[in-house]
Amino acid sequence: MSRARRGWRTVARAGAAGVLLSALGAGLFAAGRLERAADDRPGPRGLTATFRPDPNAVEFPLDYDNYAYSDRFTFARIRFEPPHYRRGPFYWGLDLKWNHDYPWGEQNFTRILGEYTSLTLNEGGGNIHSLNEAALFKLPFAYLCEVGYWEPSDQEAENLRAWLLKGGFLVVDDFVLDHLENFLFQMERVLPGYDAVKLDVSHPVFDSFFHIETLDFHHVGRPDLVPVYYGFFEDNDPAKRLMVVANYNHDIGDYWEWSGNDYWPVDLTNEAFKLGVNYVIYGMIH
């Protein structure tokens, strides 16, 4: 992790509400929002969902260890059964789509999160949960990638809806071009009648810890990939809590993963870390 070796330029610290979050405060906050995960009270716009595991779900027998629940913030990655997968240079030797950039992305990101905020967290990794696991309802933040291949079952869609309406914050990442069509189709199943709203830099999520001045990312070698940030809001009201932020034509997890290898320009890597930190802090305080 030598900064000199990596050519790291430290991004400026920014004072924000995130520095006020102690480990106990974060744990109580999460528990206070999500402890009633199994009740049937209606959510916004009459939507209602209760956690129920899907008996028809196929779970791959994968080897990983999750952190036990505690008052520490834990990065959570959502796993799903992809419609197609192939052998590839990814963890477990399988390209499962949802495992892109795992585990190095969250390892590097949580180290940055621990360095720049006062969050007490499980640093150096994260958990993996399917939408059929009740354990997800103990966590306020989750990351989902490669949604061009994401086809949740009806019960998984309901479980995600329940988690979001009870206070969860979801970051969607690593999908480009025609993948947007599938993402919007699946989100209509998760939050029927809700609109995907394009976000600009004035939204508070981009000023929740670091002050993000521009959302322009110029992908090296792919000028056709112009990032667009979509949001889904509580009660379908852009003045209320942002529940989902989606990085379309973007892949901040890839910048996290390769941050120690001089693979991407340092300025873009820094901006990707800043976005991630802002997402976590926003999700924890809203």
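The values are calculated or read from the model by the stated rules, or taken from the named source; none is laboratory data. Source: prediction; values computed, not measured. Note: ideal-geometry Cβ built from the backbone for every residue, glycine included; neighbour counts use all protein chains shown.
Could we say that GLY27 is of a type outside the set (Lys, Arg), part of a loop (DSSP other than H, G, I, E, B) and either surrounded by fewer than 15 Cβ atoms within 10 Å (Cβ to Cβ) or at pLDDT below 75 (or both) here? So GLY27 fails the test.
Scan segment 239-275 residue by residue and report those that are in a helix (DSSP H, G or I) and more than 18 Å from the chain's Cα centre (by Cα).
Here is the first cut: in segment 239-275, the residues in a helix (DSSP H, G or I) are 252-257, 266-275.
Within segment 239-275, VAL266, ASP267, LEU268 meet the criteria.
Just name the residue that is surrounded by the most Cβ atoms within 10 Å (Cβ to Cβ) out of those in segment 205-259 that are small (Gly, Ala, Ser) and out of contact with any helix residue (DSSP H, G or I) (no Cβ under 6 Å at 6 or more places or on another chain). Step by step, filter segment 205-259, then rank; the result is ALA246.
The number of residues in segment 87-119 being among the β-branched types (Val, Ile, Thr) and either closer than 16 Å to ALA76 by Cβ or in a strand (DSSP E or B) (or both) comes to 1.
Is it the case that segment 175-194 has a residue that's buried (at least 21 other Cβ atoms within 10 Å of the Cβ), under 27 Å from ALA68 (Cβ atoms) and touching a strand residue (DSSP E or B) at 6+ places or on another chain (Cβ under 9 Å)? Within segment 175-194 (the criterion being buried (at least 21 other Cβ atoms within 10 Å of the Cβ), under 27 Å from ALA68 (Cβ atoms) and touching a strand residue (DSSP E or B) at 6+ places or on another chain (Cβ under 9 Å)), the answer is no, since none of the residues qualifies.
Criterion applied to GLU115, GLU133, GLU123 was being over 22 Å from VAL190 (Cα atoms) and out of contact with any helix residue (DSSP H, G or I) (no Cβ under 6 Å at 6 or more places or on another chain), and the one residue passing it is GLU115. Residues that are in a loop (DSSP other than H, G, I, E, B) and aliphatic (A, V, I, L, M) were ranked within segment 61-86; the one that is modelled with the lowest pLDDT is LEU62. Among the residues making up segment 160-206, those that are assigned to a loop (DSSP other than H, G, I, E, B) and not charged (D, E, K, R) are GLY167, GLY168, VAL176, LEU177, LEU191, PRO192, GLY193, TYR194, ALA196, VAL201, SER202, HIS203. In summary, VAL58 fulfils each of the numbered conditions (1) out of contact with any Leu (no Cβ under 9 Å at 6 or more places or on another chain); (2) of a type in the set (A, V, I, L, M, F, W, C); (3) in a loop (DSSP other than H, G, I, E, B); (4) farther than 30 Å from ASP178 by Cβ with the single exception of condition (4).
Scanning segment 84-93 for residues that are touching a residue at least 24 places away in the same chain (Cβ under 8 Å) and farther than 28 Å from LYS138 by Cα returns a single hit, HIS84.
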